[in-house]
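**Student:** One structure is given below, represented as structure tokens, and several questions about it will come after.
Each value in this text was obtained by applying a stated rule to the coordinates, not by laboratory testing. Quick caveat: nothing in here was measured; it's all calculated off a predicted structure. Every residue, glycine among them, receives a Cβ derived from its backbone with ideal geometry; neighbour counts consider all protein chains shown.
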Amino acid sequence: MSTKKKIVIIGGGYGGVLTAKKLAKKFGKDKSVEITLIDKKPYHTLLTELHEVAANRAPEESIRIDLKKIFAKRNVNVVLDEIVNFDFKEKTLKSENNSYDYDYLVIGTGSKPTYFGIPGAEEYTQKLWSYEDAVNLKEHILNMFRQAVKEPNKEKRQSLLTFVVVGGGFTGIEMIGELGEWKNRLCKEFYIDKEEVKLYVVDAMPKILPIFPDNLIKKAEKRLEKLDIEIITGAGITEVTKDSVTMKDKGSIKTKTVVWAAGVEGADLVGNMELQQQGRKRIVTNDKLQAVDYENVYVVGDNIFYIPEGEKRPVPQMVENAEQAAPVIANNIYTDIRGGQKKSYKPGFHGAMVCIGGRYGVAHIGMPGKFIGLSGFLAMFVKHFINMVYFFQVAGFNKCWSYLIHEFFHVKDKRSFVGGHFAKSSPNFWLVPLRIFVGYKWLEQGLHKLPKIIEDPSNIFLIPAPPSVDGNSAASAAKSVAEAATQVATLPVPEFLKNIVDWSMNTFFYTGDGGFTVLAKIFQTCMVVGEVVVGILLIAGLFSALASIASIVMGTMVWSSGMAPYEMLWYLGAGVALIGGSGSVFGLDCYVLPVLKKYWKKIRIVKKYYLYTD
């Protein structure tokens, strides 16, 4: 009989993915433990970013991460399947075609929208709770404009151009905010007057974003109003049809688009489990995050129903809950198997952030008892920073880089909190003349100096003479420097940098008798060879990014030595301009880099630590 311990995680959401990664790290290459993550989809969906795809701010692939990429070279088996039955006593899971045994089970099946029994809500509304929902909603909105531009009937046209988001929480406000920004582009592309487009956000509560303090709510309302979005609060939905949405005591709105963002409940799978539940299909756990019915069953993320000591409400259904629960569960399963002290779940939530389009947001963040409110630039900065922290945990550099690309460098219509200042809008072929010019100048410099190096490697002319020398060696050094120096003015060097350079020169390059060390000769030779190599690489457009960085480094070293003419500013400035793919046009990078990238991604450590771009 096998003694291998089997850990099965159900759900590839925030909680499931983080728990699997923490477990894989704890058990390492231990073959006596088998970790399996089961999900019906092959990718992890970034649910907090769905609105960006639905409103066409980010590309569709930006909110998906391949599960096999996440767990590449890790002791986690990713299984594509849909579990339909749980037998907690026999410790087995069943899908339509397969059966899975486990010793420890982690339930992280997540949530789904709840409709509160409102007639027509589920049948006639657009959802925003999955990748498919976001893509479908984007296409639906585009289709409404396509139909409207051809519709001669004014009443029908208005219905097509009216959009209602139900729910004044995070999801609803972020969706309507994105739509408010996208509206201008849509109207321009479909030749529609902006005044014809009507946007509403409706909520049964007396105010939107109720967990925020009033001053932040007012700022959020002001931003929504600036985007021509009408806020209707205290208006519970009583019915939704394919042509309208009806509000209690506040009439109805004729529309072909109702986006439902009014609350969530546990997935149907959770509701069918024979486990103690409270709230909307949430599993009751103890402080170790074990289901109260079975101690070998753990619960993570939205499925947790646990009221921490001293609190009156259960932990919230938010990403930070999953982030803090995952390491606790991983530790407790590890101690179950290896022994040790289990940890209790003591969450300390640090607030919440909501973006209203890509340019503005509000945030209420801090430590328990010490929260501050942020808005505008600072709120958006914090939101992006928090996102990057999560993405780094999940897929390291790879996901962080792609996030920066679609949030800052490939944005349209300045839909970013830094506007369009970082947007990449110029084609690379404009950089070709500059790349060749800078390459030629470095090559010219290097070829001019190379014969001197070959003739006499001990002839030091790229390093300033020692500050105080006597005798023939001093005269020789001074003469060498004088021969290399031009009669033009040199770039000034800040005093603090000059002191650092003087210290390094005295330490590594100058001898006690006023001469130069062997290291100085090696350094000078490397500099000259580097100038030749960088020049050739830039002219050929091969490894142009690395060559450009090397150009900046060499130019900085020459400047810091106090021997740089003002023309060195060309090398520094041009080097910065050439970093971003200047070799992709009329350069060898176009041919070489795709081949190298293909093999680079196959290296084990590169794949494991996500040291590549897609």
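**Student:** Once the Cα atoms of helix 495-504 and of the chain are each reduced to a long axis, what angle between those two axes, in degrees from 0 to 90 to the nearest 10, is obtained?
**Tutor:** Between the helix axis and the principal axis of the chain, the angle is about 70 degrees.
**Student:** Can you compute the helix-only [θ] at 222 nm over the chain? Use -39500 (n - 2.57) per DSSP H run of at least 4 residues, normalise by all residues, nearest 500 deg cm²/dmol.
**Tutor:** Numbers: 19 runs with 253 residues, N = 614.
-13000 deg cm²/dmol, from helical runs alone.
**Student:** Could you work out the Rg to Rh ratio of segment 79-195, with Rh taken as the Kirkwood radius (inverse of the mean 1/r over all Cα pairs)? Don't skip to the answer; put the middle values down first.
**Tutor:** Values: Rg = 21.0 Å, Rh = 18.0 Å.
With Rg and the Kirkwood Rh in hand, the quotient comes to 1.16.
**Student:** With r as the distance between the Cβ atoms of Leu497 and Tyr440 and R0 = 30 Å, compute the FRET efficiency 1/(1 + (r/R0)^6) and round to 0.05. Walk me through the numbers before you get to the answer.
**Tutor:** Values: r = 29 Å, r/R0 = 0.96.
After rounding, the FRET efficiency stands at 0.55.
**Student:** Charges on Cβ only, +1 for Lys and Arg, -1 for Asp and Glu, centred on the Cα centroid of segment 428-608; of Leu546, Gly514, Thr490, which one is farthest towards the dipole's positive end?
**Tutor:** Leu546
**Student:** Hey, another quick one. Dividing the convex hull volume of the alpha carbon atoms of segment 428-608 by its residue count, what do you get in Å³ per residue?
**Tutor:** Values: hull volume 27.4 nm³, N = 181.
Taking the convex hull of the Cα positions in segment 428-608, it is 151 Å³ per residue.
**Student:** Taking N as the number of residues in the chain, what is its alpha-carbon radius of gyration divided by 2.2 N^0.38 Å? Please list the in-between numbers first.
**Tutor:** Values: Rg = 31.1 Å, N = 614, 2.2 N^0.38 = 25.2 Å.
Relative to the 2.2 N^0.38 Å estimate, the chain comes out at 1.23.
**Student:** Moving on to the next point. Roughly how compact is segment 121-262, stated as its Cα Rg over 2.2 N^0.38 Å to two decimals? Present the calculation step by step, with values, prior to reporting the outcome.
**Tutor:** Details: Rg = 14.5 Å, N = 142, 2.2 N^0.38 = 14.5 Å.
The value comes to 1.00.
**Student:** Compute the angle between helix 14-27 and the longest alpha-carbon principal axis of the chain, please, reported from 0 to 90 degrees and rounded to the nearest 10.
**Tutor:** For helix 14-27, the angle is close to 60 degrees.
**Student:** Still on this structure, please answer the following. Hey, what angle do you get for helix 471-484 against the long axis of the chain, alpha-carbon based, 0 to 90 degrees rounded to 10?
**Tutor:** With rounding to tens, the tilt is 60 degrees.
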